[in-house]
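In what follows, a structure is listed as structure tokens, so that the remarks can point back to it.
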Amino acid sequence: VLIQPQAELLETADQEATSTNLFVRRLRLVVGGSLGEHWSFFFETDSPNLGKTNPNTGIGTPGLKDQGDLYVQDAYLTYSRGQALKVDAGMIMLPHSRHGTQSAATLLAVDYAPYTFLDSGPGGERVGRDYGVQLRGYPAGQKLEYRLAVSQGVRGPEARNPLRVTGRAVYYPYGAETGFFYGGTFQGTKRQLGVGGGFDVQEDARIYSADVFFETPLFESRQGFTVQFNWMRYDGGSFLPALAKQDAFLVEAGYHVWKHRLTPFVQYQARTFAGAAMPGQDTLQAGVAWWLAGHQRNLKFSAGRLHTDGLPDRTQALVQLQLFYF
């Protein structure tokens, strides 16, 4: 189970009041296991933003609380022939970026960057997931990683559209992360460096990414440091015109103290559009995570500013409690 009760305070667009929400950010039931030597499975549901009221005017019914929509979030089988070759088939998270393939239960900050899954709506996905098959492996002594997925994408009339192809490669000088989902942080307890890039193609729609993740213990493992950079170029072309050409950036960092139980962190996200058709946006959040029991139980707080070119800045504060057992 993964449950994340959350509180949000968000300054209204006219800066005359504060929107207040008490809701459940994620409620997931998670099942996984092994079926013999070579087969494993993973399945989870989700009901996101349960009880939340949309704080932005002009979107949905004013004041209406989200009553929840329990649906399948992930469902796949994995066939493994050691670390060099794994095959994942089913409803899978597409590997076009590191941040977009991280587990929501292991994030450093309160949540994902807001521009990580911009293709989900136009592409008919469910938070970065699509239906297909993926080859995955960790060759060269687990110093390299490759992922290559073929998925449904947007099918079109009579399902005639070509399939979607997504790929990713990563170099790990200290050894690879070999799980299906990446970790957002290990609370500074391990030395990890990954330098990667990815692509996503269907017709003339394109996504490209580049990312770096680094974590290391410090001062004889009494403290630690985590930093991540993620860049994504979205361009829906004529195939997905709703996905405007734009660049999205994420930079986040955390410093782990008090026997790795307390982490002050900062997260900056921005997106800029090609041309001047749409205003650029960026957000800056700073906060602290209290790892009561690592990712199993933790409490996070952050506060920051949301900026859109030509509009007043808005202040946002978040508090999230997490319980995760798997």
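The values are calculated or read from the model by the stated rules, or taken from the named source; none is laboratory data. Not measured: the values here are computed from a predicted model. For neighbour counting, all protein chains shown are included, and Cβ atoms are generated from backbone atoms with ideal geometry for every residue, glycine included. The accessibility values were calculated without ligands, DNA or RNA, using every heavy atom of the protein model including side chains. Shrake-Rupley method; radii C 1.70, N 1.55, O 1.52, S 1.80 Å.
To keep it simple, each residue is scored yes or no on (1) surrounded by fewer than 20 Cβ atoms within 10 Å (Cβ to Cβ); (2) over 19 Å from the mean Cα position of the chain (by Cα); (3) of a type in the set (A, V, I, L, M).
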residue: 223; (1), (2), (3): yes, yes, no
residue: 237; (1), (2), (3): yes, yes, no
residue: 241; (1), (2), (3): yes, yes, no
residue: 266; (1), (2), (3): yes, no, yes
residue: 282; (1), (2), (3): yes, no, no
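Would you check which residues across the range 279-293 are touching a residue at least 24 places away in the same chain (Cβ under 8 Å), touching a Lys or Arg at 6+ places or on another chain (Cβ under 9 Å) and of a type outside the set (Ser, Thr, Tyr) and list them? Spell out the reasoning first.
At the first step, the residues of the range 279-293 found to be touching a residue at least 24 places away in the same chain (Cβ under 8 Å) are 279-283, 285, 287-292.
Checking the rest, the ones that are also touching a Lys or Arg at 6+ places or on another chain (Cβ under 9 Å) come to 280-283, 285, 287-292.
Matches in the range 279-293: 280, 281, 282, 285, 287, 288, 289, 290, 291, 292.
Within the group 88, 69, 74, which residue is surrounded by fewer than 15 Cβ atoms within 10 Å (Cβ to Cβ), under 21 Å from the mean Cα position of the chain (by Cα) and not polar (S, T, N, Q)? Break it down stepwise before answering.
Values: 88 fails: surrounded by fewer than 15 Cβ atoms within 10 Å (Cβ to Cβ); 74 fails: surrounded by fewer than 15 Cβ atoms within 10 Å (Cβ to Cβ).
So the residue among 88, 69, 74 that is surrounded by fewer than 15 Cβ atoms within 10 Å (Cβ to Cβ), under 21 Å from the mean Cα position of the chain (by Cα) and not polar (S, T, N, Q) is 69.
Taking residue 67 as the residue in question, decide whether it is part of a loop (DSSP other than H, G, I, E, B), in contact (Cβ under 8 Å) with a residue 24 or more places away in the chain and of a type outside the set (Phe, Trp, Tyr). Can you show your working first?
Numbers: part of a loop (DSSP other than H, G, I, E, B): yes; in contact (Cβ under 8 Å) with a residue 24 or more places away in the chain: no; of a type outside the set (Phe, Trp, Tyr): yes.
Taking the combined requirement at face value, the residue does not satisfy it.
Taking the range 116-161, which residues are more than 19 Å from residue 206 (Cβ to Cβ), touching a Ser or Thr at 6+ places or on another chain (Cβ under 9 Å) and open to solvent by 70 Å² or more (accessible area, probe 1.4 Å)?
Of everything in the range 116-161, those that are more than 19 Å from residue 206 (Cβ to Cβ), touching a Ser or Thr at 6+ places or on another chain (Cβ under 9 Å) and open to solvent by 70 Å² or more (accessible area, probe 1.4 Å) turn out to be 126, 131.
When residues of the range 209-245 are filtered for being touching a Ser or Thr at 6+ places or on another chain (Cβ under 9 Å) and not small (Gly, Ala, Ser), how many remain?
Looking only at that region, the number is 13.
Being in a strand (DSSP E or B) and free of Cβ contacts under 8 Å to residues at least 40 places away in the same chain is the filter here; which residues of the range 151-200 pass it? Even if it seems obvious, please write down each step before you answer.
Start the filter on the range 151-200 by keeping residues that are in a strand (DSSP E or B), which leaves 151, 164-171, 182, 192-200.
Listed by number, the residues that qualify are 165, 169, 171, 192, 193, 195, 197.
Taking the condition aliphatic (A, V, I, L, M), open to solvent by less than 60 Å² (accessible area, probe 1.4 Å), in a strand (DSSP E or B) and closer than 22 Å to residue 326 by Cβ, does residue 24 pass? Before the answer, list the steps.
Details: aliphatic (A, V, I, L, M): yes; open to solvent by less than 60 Å² (accessible area, probe 1.4 Å): yes; in a strand (DSSP E or B): yes; closer than 22 Å to residue 326 by Cβ: yes.
Answer is yes for this residue.
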